[in-house]
Amino acid sequence: MGVRLEKPFLLLQAAAVKAVQAQMGVYQLADDNEQVLYIGSADARSLFGLRGELQRFLEDPEVTRFRVEVNTAYHTRRQELLMLHQADHGELPVRNRDYPFQLGRLSPA
Amino acid sequence: MELSLSNEQQMIVDMVRRFVREEIVPLEMHLDPDADQLESDDRERLVGKVKEMGLYGLDIPVEYGGPDIDVVTRTLMAIEMSQHRAGLYAPCYGVFGGAGLAQLFEASDAQKEKYLYPTLRGEKRGFFGLTEPSGGSDPARAIQTRAIQDGDDWVINGGKIFISGADKADFGLVFARTGGEGRGGVTCFIVDTDTPGFHVRRIVHTLRSAHYATELQFEDMHVPAINILGQLNKGFAIANDRLSRQRIPYSAGCIGVAVKAHEMALEYSKQRETFGAPLSNRQAIQWMLVDNEIDIKQATWLTLEAADRARRGDSFRKEAAMCKIVATESAGRVVDRAMQIHGGYGVTKDFPLERWYRELRIRRIGEGPNEVQRHIIARDIIGAGLR
Ligand SMILES: Cc1cc2nc3c(=O)[nH]c(=O)nc-3n(C[C@H](O)[C@H](O)[C@H](O)COP(=O)(O)OP(=O)(O)OC[C@H]3O[C@@H](n4cnc5c(N)ncnc54)[C@H](O)[C@@H]3O)c2cc1C
């Protein structure tokens, strides 16, 4: 498994979201320039898993792209993606700045 | 040998049990089922409560300001502290504090000032870096990370795998080869994680959702000679000593989870009816409950015996190995039976059983795999000739 989430972004549209599995996992939301705005996870309390999480953003004008990774280790994987973003960009995605838990430091190869 | 708890022990156990039930379990209703941290407000509030109870910094020796609680009582407390969803790897989410890396008590005065005291005050965190991709069961032979002297520094190259908490640590203990093959050629270095050449390359995702492991790489990492912990080429003894001691609370944590899973299974078996009667009326279910009871009891007595020997200053290496085997294996069986009694619900994330089931599996491998524990016991009973 690669450390980074490198799948192509998809357009955040109702049909695309409907096709997403209702499973646990992690997702990234991005703008038109594919700049990541938010890294989230669909945990065991997400009613319709990744699909349900993404549906919440369908009306959000800033968010136009998404990609997901089905992963039962959603909790640690989300933290890893946040740390990678921090390592690559020197800061967290704009909508994760209030992430309440302490993150570690990664220096990926 | 006294087999019943003293009044003081009973009081402490009751206090911790109440704390877990009234403070920790309700918070978990609102946390992600795989969470391993509390939000900082909750954490600070609960640390305050634990300090008021006089139980903060349990593993800190009295001379360093810890509460004066003996190892048997601490073991009894550890059994209570893991009785919640995150309890196996994040007992009470760390609000009881901890001593951090026990090896630092062996450090020089200057090292204690820089690393031990800040750790005890909760200002710094450390990691324990022993295992390498070449193997963890027999680190004395497997360690390939090399340290070469360069003036007043040592230059370290190599890597470690499965290292818990290195990404959040301020420093760590890194075991590297400074001499020839085997245990006589390994030295323990205290390494600051902001040293150039220190890299946390990735998280190693495992069955465990709390306190994930990491993979480390060291590239021409310069560490001053004053950061050698203990003596040159004597690092293996430092690693070994910690591992033996750690096995007692490690076993206690497994027992706590088993106790809780068994309690849930008992309760559920009395409520759930099939074919016109509660599950608890069926002999097949009763025997599972009986086997749980036996598994928990034998793990508890073995663990308390190891703790008692440690308290008295007797050798406890064999007993620690025995309780590690029995507690990790029997807790796995208890949770497995509790899951079976819960049927489909047992494997859902609505209940903590699935998390314990996953995380307990690691316990037969971590802190020295159970095969290695059997090897330690065999060596003790057959004689040192066995290699
Ligand atoms: C989640 C997690 C966290 C960890 N955290 C840390 C940490 O913080 N710091 C750290 O240093 N390490 C850590 N470890 C590493 C752990 O201690 C090792 O995984 C363990 O020591 C086993 O080493 P190995 O995985 O290389 O297995 P190996 O040594 O390759 O052994 C493979 C298997 O063979 C068995 N075996 C080995 N020798 C014998 C024998 N003589 N006879 C019979 N069977 C044998 C072993 O029991 C094991 O089952 C962690 C591991 C995990 C999974």
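The set of residues from the stretch B:1-34 being out of contact with any helix residue (DSSP H, G or I) (no Cβ under 7 Å at 6 or more places or on another chain) and within 14 Å of chain A (Cβ to nearest Cβ) comprises B:Glu28, B:Met29, B:His30, B:Leu31. B:Gln83 meets the conditions (1) polar (S, T, N, Q); (2) within 14 Å of chain A (Cβ to nearest Cβ); (3) within 17 Å of B:Ile255 (Cβ to Cβ) in every case but one. The failed one is (2). Yes or no: the stretch B:332-353 includes at least one residue that is within 16 Å of the ligand (Cβ to nearest atom) and touching a Ser or Thr at 6+ places or on another chain (Cβ under 9 Å). Checked against the condition, which is being within 16 Å of the ligand (Cβ to nearest atom) and touching a Ser or Thr at 6+ places or on another chain (Cβ under 9 Å), the stretch B:332-353 yields no hits at all. Close Cβ contacts (under 7 Å, 6 or more residues apart or on different chains) running from residues in the stretch B:153-175 that are on the phi < 0 side of the Ramachandran plot and in contact (Cβ under 8 Å) with a residue 60 or more places away in the chain to residues that are near the ligand (Cβ under 8 Å from one of its atoms) and assigned to a loop (DSSP other than H, G, I, E, B) comprise B:Phe175/B:Leu130. Taking the condition surrounded by fewer than 20 Cβ atoms within 10 Å (Cβ to Cβ), within 14 Å of chain B (Cβ to nearest Cβ) and either assigned to a helix (DSSP H, G or I) or among the β-branched types (Val, Ile, Thr) (or both), does A:Val63 pass? Taking the combined requirement at face value, the residue does not satisfy it. Of all residues in the stretch B:112-137, those that are closer than 26 Å to B:Gly158 by Cα have Cβ atoms under 6 Å from Cβ atoms of residues that are at pLDDT below 95 and more than 16 Å from the ligand (Cβ to nearest atom), 6 or more apart or on another chain, in B:Leu116/B:Ala107; B:Lys124/B:Pro118. Restricted to the stretch B:243-281, and to residues there that are charged (D, E, K, R) and surrounded by 20 or more Cβ atoms within 10 Å (Cβ to Cβ), the residue that is modelled with the lowest pLDDT is B:Arg247. Do you know which of the residues in the stretch B:48-59 that are buried (at least 19 other Cβ atoms within 10 Å of the Cβ) and of a type outside the set (Asp, Glu) is modelled with the highest pLDDT? By that ranking, first place goes to B:Val50.
Consider the stretch B:323-375 and keep the residues that are in contact with an Asp or Glu (Cβ under 6 Å, 6 or more places away or on another chain) and not basic (Lys, Arg). The one that is surrounded by the fewest Cβ atoms within 10 Å (Cβ to Cβ) is B:Val347. What is the one condition in (1) assigned to a loop (DSSP other than H, G, I, E, B); (2) within 14 Å of chain B (Cβ to nearest Cβ) that A:Leu82 does not satisfy? Single failed check for A:Leu82: (1). Applying the set (1) within 11 Å of the ligand (Cβ to nearest atom); (2) more than 20 Å from B:Leu88 (Cβ to Cβ); (3) touching a helix residue (DSSP H, G or I) at 6+ places or on another chain (Cβ under 8 Å) to B:Arg363 leaves exactly one unmet item: (2).
Here is a yes/no grid of residues against (1) farther than 23 Å from B:Pro369 by Cα; (2) in the same structural domain as B:Ile376 (by TED's automatic domain parsing):
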site: B:Val223; (1), (2): yes, no
site: B:Ile255; (1), (2): no, yes
site: B:Ala261; (1), (2): yes, yes
site: B:Tyr268; (1), (2): yes, yes
site: B:Gln271; (1), (2): yes, yes
site: B:Pro278; (1), (2): yes, yes
site: B:Leu289; (1), (2): yes, yes
site: B:Asp314; (1), (2): yes, yes
site: B:Ile325; (1), (2): no, yes
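With respect to A:Tyr38, is the statement that it is more than 14 Å from chain B (Cβ to nearest Cβ) and either part of a helix (DSSP H, G or I) or under 28 Å from B:His211 (Cβ atoms) (or both) true?
yes
Within the stretch A:87-109, the set of residues being within 11 Å of another protein chain (Cβ to nearest Cβ) and surrounded by 18 or more Cβ atoms within 10 Å (Cβ to Cβ) comprises A:Gly104, A:Leu106.
The values are calculated or read from the model by the stated rules, or taken from the named source; none is laboratory data. Remember, predicted model here, so these are calculated numbers, not experimental data. FYI the Cβ positions are ideal-geometry reconstructions off the backbone, even for glycines, and counts take in every protein chain you see.
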